[in-house]
Amino acid sequence: MALVGAETPEGARIRQALADRGVPGERVNLFGRTEGEAVLSEYAGEARLIQEPEAAELIGHDVIFLCETSEVTHRILSVHEPETLVVDVVGCAADREDTPMVHMDINPGAIASAGGVVAVPHGISAILSEVLHAIDVGPGVRRAAAVVMRPAADFGEDGLKELREQTVRLFNFGEVPREVIGAQLSFNVIPERLRSGAGPRLDRRIEREVGQINAWDEPRLAVRIVNVPVFHGHAAFVQVEVERDADGDAVADALDAATGVERTKDDTTGTPVEIAGERRTLVADLSTDATGASWIWLVAGELGRVPAELAVRLAAKMKDL
């Protein structure tokens, strides 16, 4: 199998997920942007080289994980062999209408419609789908809105280092580095729309992916993202208007029955710091406003690992890893 974008944060997480599953290193080839020279990396503790990808060399693999968007990844999507499984981890196949968006705990049956290319959701899309799917199969989702608070960990190890360095330099009245995050995040909040170098709209991607996973025929979710000076752990306020007449208990019952979602029963856990380092999604507060809509406060840990875990599970299902 081939991993394209092995040097990216997403690529590092795929490597870890494959190693955790016990896939031997001789079955995994690493490719990425190297500016003409092989880059030393590792897989499962063993030194490995990341090589510049060539489409012709990649096409013969059984499984190709796409962890970057580039000219090569677009060529792979166009010319891959029919028996090759291409797993899009970063949304580079978004413009292909025949590419199913699959969350293995919600719509695994969508794999059947795959024409060789399958996509997995962003980590934020995955947890919002888990929460909204549970409500949708209960009282139903008429519309929803989410404000998601995103930590430095979403920018990989380099993002964590930059937030740390920004904080140290501010205390020493120095110039803060901005190369990774694109702005001063320390002691600040940055709407993703205003972040320098943000690239394609992440909020639009999340809205689209949640809709695809839930098989909504029209948009029901609006998302806005704010980058916050937190190292690990996501948080979100989600407002939900239900489809059918129901009270707050119906939403609570739906969340209690949800796979992958834990609703806290006390006031002691409800911030990102309590779930940092864990793959958990906690609904820490649920209330109803004057309009009858439900407000959900949720926190989630290690969302960066979620797309990698889903991608490897998907590949294991389709290719018997």
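Tell me the residue from Gly138, Gly123 that is among the small types (Gly, Ala, Ser), under 21 Å from Gly11 (Cα atoms) and either in contact (Cβ under 8 Å) with a residue 24 or more places away in the chain or outside the structural domain of Val238 (by TED's automatic domain parsing) (or both), please. When all the criteria are applied, what remains is Gly123.
Only residues that are within 25 Å of Glu302 (Cβ to Cβ) and at pLDDT 90 or above were counted in region 25-39, giving 3. Checked against (1) over 13 Å from Pro139 (Cα atoms); (2) not hydrophobic (A, V, I, L, M, F, W, C); (3) not in a strand (DSSP E or B), Arg224 meets all criteria but (3).
Among the candidates Ile14, Ile50, the residue that is in contact (Cβ under 8 Å) with a residue 60 or more places away in the chain and either under 22 Å from Val180 (Cβ atoms) or outside any loop (DSSP other than H, G, I, E, B) (or both) is uniquely Ile14. Considering Ile111, Ile64, the condition of being surrounded by 22 or more Cβ atoms within 10 Å (Cβ to Cβ) and either hydrophobic (A, V, I, L, M, F, W, C) or in a loop (DSSP other than H, G, I, E, B) (or both) is satisfied by Ile64 alone. When Glu302 is tested against (1) surrounded by 17 or more Cβ atoms within 10 Å (Cβ to Cβ); (2) acidic (Asp, Glu); (3) modelled with pLDDT of 85 or more, just one condition goes unmet, and that condition is (3). Note on region 137-166: among residues that are of a type in the set (Asp, Glu) and at pLDDT 95 or above, the one that is surrounded by the fewest Cβ atoms within 10 Å (Cβ to Cβ) is Glu165.
Taken as a whole, the structure places Ala19 among residues that are surrounded by fewer than 20 Cβ atoms within 10 Å (Cβ to Cβ), within 21 Å of Arg313 (Cα to Cα) and modelled with pLDDT of 90 or more.
The values are calculated or read from the model by the stated rules, or taken from the named source; none is laboratory data. Model, not experiment: these values are computed from the prediction. Here Cβ is always computed from backbone atoms with ideal geometry, including for glycine, and neighbour counts include all displayed protein chains.
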